[in-house]
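Here is the structure we will look at, set down as structure tokens.
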Amino acid sequence: MSGAPLHSAPAGSTARGEKLGPVRVGLLGIGTVGGGTFDVLRRNQDEIRRRAGRPIEIVRVADLDVARARERVGEGVDVVDDARRVVADPDIDVVVELIGGCGIARELVLAAIEQGKHVVTANKALLAVHGNEIFRAASQRGVMVAFEAAVAGGVPIIKALREGLTANRIEWIAGIINGTTNFILSEMRERKLAFHVVLAEAQRLGYAEADPTFDIEGMDAAHKITILSAIAFGVPVQFDKCHVEGITQLQADDIRYAEQLGYRIKLLGIARRRTDSSPGGFELRVHPTLIPASRLIASVEGAMNAVLVKGDAVGHTMYYGKGAGAEPTASAVVADLVDVARMFTSDPGNRVPHLAFQAESLSDLPVLPIDAVQTAYYLRLRVADQPGVLADVTRILADGEISIDAALQREPGEGENQTDIILLTHRTIERRIVAAIERIEALETVLSRVVRIRLEDLQ
Ligand code: HSE
């Protein structure tokens, strides 16, 4: 990476202990996170200056609601309604993008990079989908794009993965990286309520958005695990290859049966390196997952986030905290601003690479298709309560070389002639279980579609 000249470097130098001028920040969007960023920077300005070695000041804000933004920031900060003016402003050193989405935000981020400005963003969708283009442009221009706030809000997982664990070959990551769905699943389990009942309540309480689609369908978690996988394995972001299933089909019965068997169901983002398959690759998936109730991550409840990382040297490490909210997310945005302030004048080739590995050393390790994924399974079958049913089912599983780990049968009610059978399998290849389920569903004694949920022991 060549040391492309930085645009107007802030005044001052540390070499002779001279006082450094402020880093001048332009904020695009002053909603919840923008407001939090403004407050944290102001409240902790002395600490932040002592850490960064210079003050960090928001000098310009762009927001469509200028009146509200003015009221929010008070005197001394310029407020405009056109974000392009902030991006084009030669006095701005760093642009903080908090608009979200892949439309105007992409344009503005690329324009800021083109102008030689560093970028801090919380925009996971933008980086999961357009990250390769953005990081390439930033490397060519010699600027930084920092994005700690894009994954798990205030939890410094990017920093941990990119720097703290840099000695390791990362084996896998499993994260509860969407607070909305974790809140819903926790409530469904604790209060034995159906998905739609809890969702309605979560919306009323403000835990879920009015349009919760991105969260409950798993897209938000998929954006985040896509970014984490790129950093973990040193590969380009490949959101389009991420297998995504949300929690909308999950039934309270399955949460209850899982609990009886010693498991909890969480929406996990999983990225796993596979060394057993040829030519090799990694799994990238988001779906409801049974995990042993005894694992620490299983007790992460409510809207909290946690990311479990397995490195070959360090073993298991876990990072826990608030994944959303004004100040938790601002905590990550400001941490990135401090990083940028410190690295501002450094040779771009000496900075931590965007995806942890040098841009020219990214690997072409492929994402494995979902039918090649290897995991264990929870199966629930509604069956006629008569002799031979279980034998037929277990024969089909044995034919598919699928080994059963545990079984549970619900006691049929008085006069009831059908029941539920729950089976836990050992690890197998997804295409085998799909084929076996097709055969099981064709049995006359199996009365409805088989419920299948993946299971990970997280060892
Ligand atoms: N909507 C996300 C969540 C927070 O529920 O965790 C922002 O990524």
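With angles folded into 0 to 90 degrees, how steeply does helix 124-141 sit against the dominant principal axis of the chain? Use alpha carbons for both and round to 10.
Helix 124-141 sits at roughly 40 degrees to that axis.
Grab the Cα-Cα distance for Ser346 and Arg427, subtract it from 0.36 nm times how many residues apart they are, and report the gain in nm with one decimal.
Extra length from Ser346 to Arg427 when fully extended: 24.3 nm.
Under a plain spin-label model, where a point goes 7 Å from the Cα along Cα-to-Cβ, how far apart in nm are Gln115 and Leu443?
With each label placed 7 Å out from Cα toward Cβ, I get 6.6 nm.
If you average 1/r across every pair of different Cα atoms in the range 191-275 and take the reciprocal, what Kirkwood value do you get, in Å?
Mean inverse Cα-Cα distance, inverted, gives 14.7 Å.
Please identify every one of the trypsin sites (Lys or Arg not before Pro) in the range 343-397 that sits in a loop by DSSP and has no more than 14 other beta carbons within 10 Å of its own beta carbon.
none
If you take every DSSP beta bridge whose two residues both sit in the chain, what share of them, in percent to the nearest 5, is antiparallel?
70 percent
Projected area of the range 340-425, taken from the Cα convex hull and averaged over every viewing direction, in nm²?
Averaged projected hull area, Cα only: 11.4 nm².
Quote the Stokes-Einstein diffusion coefficient, in whole µm² s⁻¹, for the chain, based on the Kirkwood radius over alpha carbon pairs, a temperature of 10 °C and a viscosity of 1.306 mPa s.
In µm²/s, the coefficient rounds to 67.
Gain in length, Leu390 to Ser294, computed as 0.36 nm per residue apart minus the alpha-carbon separation, to one decimal in nm?
Residue separation times 0.36 nm, minus the Cα-Cα distance, leaves 31.7 nm.
Can you give me the long-range amide H partners of Leu455? Hydrogens built in the peptide plane at 1.01 Å from N, cutoff under 5 Å, separation of 5 or more residues or another chain.
Leu290, Ala376, Tyr377, Tyr378
Order 322-331, 337-346 from most to least packed using the mean count of other Cβ atoms within 10 Å.
Highest mean packing first, the order is 322-331, 337-346.
Once you list every other residue whose beta carbon is under 14 Å from the beta carbon of Asp46, what net charge do they have if Lys and Arg are +1 and Asp and Glu are -1?
Overall, the nearby charge balance is +4.
For the chain, what is the relative contact order in percent, using Cα pairs closer than 8 Å and at least 6 residues apart in sequence?
Dividing the mean separation by the residue count of the chain yields 17 percent.
Tally the DSSP beta bridges in the range 157-322 and give the antiparallel ones as a percent, rounded to 5.
Of all bridge pairs located within the range 157-322, approximately 95 percent are antiparallel.
What value, in deg cm²/dmol to 500, does the helix sum -39500 (n - 2.57) over DSSP H runs of n ≥ 4 give at 222 nm once divided by the residues of the chain?
Here the helix-only value at 222 nm equals -10500 deg cm²/dmol.
Every number here is computed from the coordinates shown, using simple stated rules; none is lab data. Please read all numbers here as calculations on a predicted model, not as lab measurements. Please note: Cβ atoms are built from the backbone with ideal geometry, for glycine as well, and neighbour counts cover all protein chains shown.
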